[in-house]
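The values are calculated or read from the model by the stated rules, or taken from the named source; none is laboratory data. Quantities reported herein were computed from a predicted structural model and do not represent experimental measurements. Cβ placement follows ideal geometry from the backbone for every residue including glycine, while neighbour counts extend to all protein chains displayed.
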Amino acid sequence: HLLLLGEREILGAEINTAQTRDTDYNFPALIFGILLIVVIICGNLLVCLSVYREKALKTTTNYFIVSLAVADLMLAVLVLPLFIYVEFQGGLWSLNMHVCDGLMTMDVMLCTASIFNLCAISIDRFIAVSIPLNYNLKHVDQRQIFLLSGTWILALAVASPVMFGIQNVPQRDSTECKLEDDNFVVYSSVCSFFIPCPIMLLLYCGMFRGLRRWEEARKAKLRSSILLTDMKPELKDINLEELDPYPLESPDGPYNNSSPDTPDRPYNNSLTTTEYKDGPVPTVVAYSNIRYNLHPQTDPHQKKRAKINCRERKAMKVLPVVVGAFLFCWTPFFVVHTMRALCATCYIPPWLMSIVTWLGYVNSALNPIIYTVFNTEFRNYFNKFLHSCCIYR
């Protein structure tokens, strides 16, 4: 009789446990997670395809944006499925711990790669604005290759301790997948977020100060050109938009190294007219040692270069929104994550950790939306691609 009662109690406990496990299943997290994966993959694939197929989008800034999109794609394929599975299980880890270590490695590496890509963009743009001499705007040169490769190598280096056994701590809980070493949590947070972010923001401040001087100098040139057309009747038929305000020697910047002018005083405008017995030669306007033929026959290479400069400036203006969205999404995670590692007595509820982690992953879906809203050429390609898909169906 006692044996029968014991079996009934054990059976009842198993039934209660099963019912509890059923109620712990997080179906909203599963649905939202699947939708998030689809949005991240589709959006970032469109970003990669648009830069690959559209000539107008082949700029150095967009090559870095492709690297950022690749990091987001890898996150959606390698990290999010397992994270969503754990969230669906109510935070319970039921897989092998080696799989957990691989998940933690990829999570740290890809998050670090994202912010390092943004930091590399800020370095490249700061150089392009501050030291524009011989800056290769159209193709990836050695500096961009160094920055792109260095981004991924450093991200892997930050995450490498997880691969080398730092997770193997005594009495490790096999039902939970997390970073076990609090010192590594602080180290990775500092290397991945708290050091790069201030550097990145300072570089962007310097870059946009340079862009502001750039635009002021450009407006000054246009005003000078208008005054010249009022002074010389033969200049009135000139299309001023064809006058590239940037030096030919430095296609990505307004300053010429051979000019004695400084950014605060960048331009000396002069009109040179030379006449010969056989007739006047083409009138030339000189801007900081740069001469433009003012006859209607315009060099198409110069016009193309001016358009590329305009595209690059548009791409650069999207970057503050991308950086702002990244900081908004990931700052709560790193603050909470670091606080939990530094303060052993502080209680951080699981739901708060879940929310800040989800918010960080949502950032991977935001970037393609930002490009669509703020960049006309990305938006045009997305619309064209989606329209062609609808027609094909």
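Residues in the stretch 350-371 that are within 14 Å of the chain's Cα centre (by Cα), surrounded by fewer than 21 Cβ atoms within 10 Å (Cβ to Cβ) and farther than 15 Å from Cys111 by Cα: Ile369, Ile370. Somewhere in the stretch 18-41, is a residue modelled with pLDDT under 90, among the β-branched types (Val, Ile, Thr) and either at negative phi or part of a helix (DSSP H, G or I) (or both)? Yes, that holds for at least one residue. Look at the stretch 203-229: where a residue is within 27 Å of Ile115 (Cα to Cα) and surrounded by 14 or more Cβ atoms within 10 Å (Cβ to Cβ) and a partner is basic (Lys, Arg) and modelled with pLDDT under 75, sitting 6+ places away or on another chain with Cβ atoms under 9 Å, you get Leu211/Arg313; Leu211/Lys317. Taking the listed residues Phe385, Phe328, Phe378, the one that is buried (at least 18 other Cβ atoms within 10 Å of the Cβ), at pLDDT 70 or above and part of a helix (DSSP H, G or I) is Phe378, with no other qualifying. In the stretch 37-77, of all residues being buried (at least 19 other Cβ atoms within 10 Å of the Cβ) and small (Gly, Ala, Ser), the one that is farthest from Ser364 (Cα to Cα) corresponds to Ser50. Those residues that are assigned to a helix (DSSP H, G or I) and free of Cβ contacts under 8 Å to residues at least 60 places away in the same chain, I need them from the stretch 83-98; list them, please. Passing the criteria: Ile84, Tyr85, His98.
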